[in-house]
Amino acid sequence: MFKKLTLTILLFSTLALTACQPSTQPDSSSSATSTSKSTSSSTSSSDPSEDGAAMSARATLTTDASDDNQNKLLSRAIEWDYFVVDGLKGEIDDGNLELDLDWTNKNDAAASFTELGKIQVFQDDQELTMLTEDDDDFNERVAPGKHEDGDVSFELLNTTSPIVIKLATKNGDEPHVINVDLN
C-alpha cells in the first residue's frame, strides 16, 4: 500500500511540475509589452561561442576588391529600449571591414550611438581594432526619433577567417550576433 501511495504522489508531482513549466510559445500579450527584446528575422542560436547572444544571424561578405557593392548583413531591424538598428551593410576593402550602420534614436533626449549601443567585431577569437579615423557619425548626437547612419572600419587579421559582429546595448545586454563568412 505504501509503495502505491508513493508512486501515486510521485506521478502527480511530475505531472504538476510539467504543467507548471513556462510555455515555449511566446505569449502575444507579453511580446507586445516587452520592448527590450531584440527582434530580427534571423534564427536564435544555441552555439556556445556566442555567449549571451539574444539573437544571431549568418551572412557572407566577398573579399573581391573589384566588387564595390556593400553586402546587406541584416535582413530586418533590431530593436532595443532606446535605439533601433535599421540596417547594417559591410564590405572588405584593403584588408579592412567597413560597416555602414543605420540607426534610430528612441531615447527621450538627444544621444549618440556610442551613448546607447556598441558594436564589436571578432575574428579568430580576438576583438578587432576599430579604426578611429573612420568613426564619423557614431559620436554625433541625434534628436529623439531621428535616424542617422554611421560608417566604421575594423582592421581584419586576415581575409579568410570568418568574423563575428556583435551589436548590443551600451552595457552589453541583449546582443545580436552576426556570423559572417568571408569568401
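The values are calculated or read from the model by the stated rules, or taken from the named source; none is laboratory data. Just so we're clear, the structure is a prediction, and the values are computed from it rather than from any experiment. No Cβ is skipped: glycine too gets one built from the backbone with ideal geometry, and neighbour counts run over all protein chains shown.
Condition first: modelled with pLDDT under 95 and either surrounded by 14 or more Cβ atoms within 10 Å (Cβ to Cβ) or of a type outside the set (Val, Ile, Thr) (or both). Now tell me which residues in the range 126-142 satisfy that.
Met130, Leu131, Glu133, Asp134, Asp135, Asp136, Asp137, Phe138, Asn139, Glu140, Arg141, Val142
Pull up the range 162-183, narrow it to residues that are assigned to a loop (DSSP other than H, G, I, E, B) and either among the aliphatic types (A, V, I, L, M) or within 20 Å of the chain's Cα centre (by Cα) (or both), then point me to the one that is surrounded by the fewest Cβ atoms within 10 Å (Cβ to Cβ).
Checked the range 162-183; the qualifying residue surrounded by the fewest Cβ atoms within 10 Å (Cβ to Cβ) is Asn171.
Ala111 fails exactly one of the following numbered conditions: (1) touching a helix residue (DSSP H, G or I) at 6+ places or on another chain (Cβ under 9 Å); (2) among the hydrophobic types (A, V, I, L, M, F, W, C); (3) more than 22 Å from Arg58 (Cα to Cα). What is the number of that condition?
Just one mismatch for Ala111, condition (1).
Quickly run through the range 159-183 and pick out the residues that are of a type in the set (Ser, Thr, Tyr) and under 19 Å from Lys89 (Cβ atoms).
If the condition is that a residue be of a type in the set (Ser, Thr, Tyr) and under 19 Å from Lys89 (Cβ atoms), then Thr159 is the only one that fits.
Looking at (1) in contact (Cβ under 8 Å) with a residue 40 or more places away in the chain; (2) in contact with an Asp or Glu (Cβ under 9 Å, 6 or more places away or on another chain), which is the one condition that is false for Ile119?
Here Ile119 meets the rest and fails (2).
Would you confirm, using the coordinates I've provided, whether Leu156 is in contact with a Phe, Trp or Tyr (Cβ under 9 Å, 6 or more places away or on another chain) and of a type outside the set (Asp, Glu)?
No: the conditions fail for Leu156.
Is it the case that the range 98-115 has a residue that's of a type outside the set (Gly, Ala, Ser), more than 16 Å from the chain's Cα centre (by Cα) and either within 21 Å of Thr159 (Cα to Cα) or modelled with pLDDT under 90 (or both)?
yes
In the range 146-179, what count of residues is obtained for those that are of a type in the set (Gly, Ala, Ser) and without any contact (Cβ under 8 Å) to a residue 40 or more places away in the chain?
The qualifying residues number 1.
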